[in-house]
Structures are given as C-alpha cells and as structure tokens.
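These notes are about the structure you will find just below.
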C-alpha cells in the first residue's frame with residue numbers, strides 16, 4: 001500500500017532529533033527516474049515534476065517547506081524522443097513507479113546494528 005510510509009511515520013517514529021539531539025530533524029526523499037534516450041531537457045523536467053507526485057502518493061505530508069524531496073530525470077539524448085502519447089504514459093508511469101518504490105523501500109528496510117529507530121519490518 002502507498003500508505004505504509006506515512007502510517008509508519010505517523011504512528012511509529014518518535015521525534016528522535018528533538019528527543020535525543022535537541023534539534024529539529026528532517027526527512028529527505030530523493031528519487032531518480034531512469035535514463036530514457038531522446039527525452040529533451042524540457043521533457044526531462046516535466047518527467048521529474050510529474051514523478052515528484054509519486055512522493056505525495058507515498059508520503060504524507062509531502063512538499064512541505066521543511067522537507068528535501070527531490071527527483072531527477074535523466075536522458076542521454078542518444079535516440080529520437082518518444083511521441084507525445086508515449087511521453088504522457090511516461091509521465092504517469094514516473095509518478096506511479098516512484099510511489100511504489102517508496103512503499104517497497106519502507107517494507108523491505110531492515111534496521112542496521114546502530115540504528116536508533118526501528119524499521120517497519122521489525123514492528124509487530
């Protein structure tokens with residue numbers, strides 16, 4: 001479910017930065033959309049913007065002044081650009097793919113030996 005990340009953050013995460021360090025903390029999400037040959041600079045920007053919507057689907061709240069959410073889209077330009085219909089499909093797939101990747105990452109994460117916070121998988 002795309003609600004795993006916000007549910008975990010809302011119910012299982014303490015204010016570690018404030019409680020243990022006395023400072024405000026931040027959660028950063030960084031995504032990158034894979035290389036797609038032939039996408040122009042403007043199309044790559046649009047792909048990053050639409051893929052960024054995947055963050056809002058997976059994490060709540062998203063797009064706040066205190067977060068560092070960032071998505072990159074890359075292209076080699078080695079092949080001709082897709083037609084406009086294919087680009088629309090690519091834009092939609094970018095958001096869906098990033099949302100799913102975030103959910104899968106939360107589900108698959110395991111705590112490291114010195115992690116202060118639990119991972120979703122360790123909660124009962």
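List of remarks:
- Gain in span if fully extended, residue 89 to residue 123, counting 0.36 nm per residue against the direct Cα distance: 8.6 nm
- Relative contact order (%) - criterion: Cα under 8 Å, at least six apart; region: the stretch 41-124: 36 percent
- Cα convex hull of the stretch 53-111, projected area averaged across orientations, nm²: 5.9 nm²
- Gyration tensor (alpha-carbon) shape descriptor, the stretch 78-117, a/c threshold 1.5: prolate
- Estimated FRET transfer efficiency (residue 107, residue 76; beta-carbon r; R0 25 Å; 0.05): 0.20
Each value in this text was obtained by applying a stated rule to the coordinates, not by laboratory testing. Computed from a predicted model, the values in this text were never measured in an experiment. Note that each Cβ is placed from the backbone with ideal geometry, even for glycine, and that neighbours are counted across all protein chains shown.
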